[in-house]
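Structure first, then comments.
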């Protein structure tokens, strides 16, 4: 079963194709506000690289957030349209799960933190388990100072990962026991999406396209600015 993964929750947009043999092809770009323009050429590119046709796809997986409103909307809408056209089911995966997943080697508490703009972070805590990571808290949106206070209160050794951790690193640099992962792990990846979706596919955790629910956790920036004017 071939899985097409579409990831668009942050400043980066990407896609990947894979299955039981692993990830066969992927593409990512970080052109500001160009998610809609980038995604279709990327999908065409990776199908060519993997040597398959779109009609071979058996599942479409998407990042359901939390994340930036416009990017999420582009990725989820594209994924739903493809799933409808191909008559295949979908799988949704949290953006924070995707950020935490590559850190499964860590012995520390893993906190995935995505930049939510407006001086806030989307974040959740994880721990490493055999074969991946396990979420220990529900996704939240808060200020870096609030997250810092929670980390200090818990007294755990923490690995902070994500573009939010990097953007607001000054809030955490002097906190004892906190390590900040480097920029190579800053964004959710389409490769991780395919790998996590494959595990869900083996458990038959499919949904219909109309059942995919994006997790925005906040109003769009444009709405907030209009209402605050």
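The values are calculated or read from the model by the stated rules, or taken from the named source; none is laboratory data. Fair warning: this is a prediction, and the values are worked out from it, not measured in the lab. Heads up, the Cβs are rebuilt from the backbone with ideal geometry, glycines too, and the neighbour counts pull from every protein chain shown.
One residue is enough: does the stretch 51-59 have a residue meeting the conditions more than 22 Å from residue 24 (Cβ to Cβ) and not assigned by TED's automatic domain parsing to the domain that holds residue 180? Among the residues of the stretch 51-59, not one is more than 22 Å from residue 24 (Cβ to Cβ) and not assigned by TED's automatic domain parsing to the domain that holds residue 180, which makes the answer no.
With respect to the conditions (1) touching a helix residue (DSSP H, G or I) at 6+ places or on another chain (Cβ under 6 Å); (2) without any contact (Cβ under 8 Å) to a residue 60 or more places away in the chain; (3) surrounded by fewer than 24 Cβ atoms within 10 Å (Cβ to Cβ), residue 139 lacks only one, and its number is (2). A count restricted to the stretch 169-221 and to residues that are assigned to a helix (DSSP H, G or I), outside the structural domain of residue 140 (by TED's automatic domain parsing), more than 16 Å from residue 26 (Cβ to Cβ) and touching a strand residue (DSSP E or B) at 6+ places or on another chain (Cβ under 7 Å) stands at 3.
Criterion applied to 112, 125, 184, 171 was being free of Cβ contacts under 8 Å to residues at least 24 places away in the same chain and surrounded by 13 or more Cβ atoms within 10 Å (Cβ to Cβ), and the one residue passing it is 125. Residues that are assigned to a helix (DSSP H, G or I) and free of Cβ contacts under 8 Å to residues at least 24 places away in the same chain within the stretch 146-165 comprise 146, 149, 150, 152, 153, listed in sequence order.
Checking each residue in the stretch 124-143 for being in contact with a strand residue (DSSP E or B) (Cβ under 7 Å, 6 or more places away or on another chain) and within 20 Å of residue 216 (Cβ to Cβ) picks out 124, 135, 137, 138, 139, 140, 141, 142. Here the helices (runs of 4 or more DSSP H) wholly within the stretch 1-101 that include at least 1 residues being surrounded by 19 or more Cβ atoms within 10 Å (Cβ to Cβ) and at pLDDT below 95 are 35-50, 69-86.
Of the residues making up the stretch 102-123, those that are in contact with a strand residue (DSSP E or B) (Cβ under 6 Å, 6 or more places away or on another chain) and either assigned to a strand (DSSP E or B) or under 18 Å from residue 148 (Cβ atoms) (or both) are 108, 109, 110, 111, 112, 113, 114, 116, 120, 121, 122, 123.
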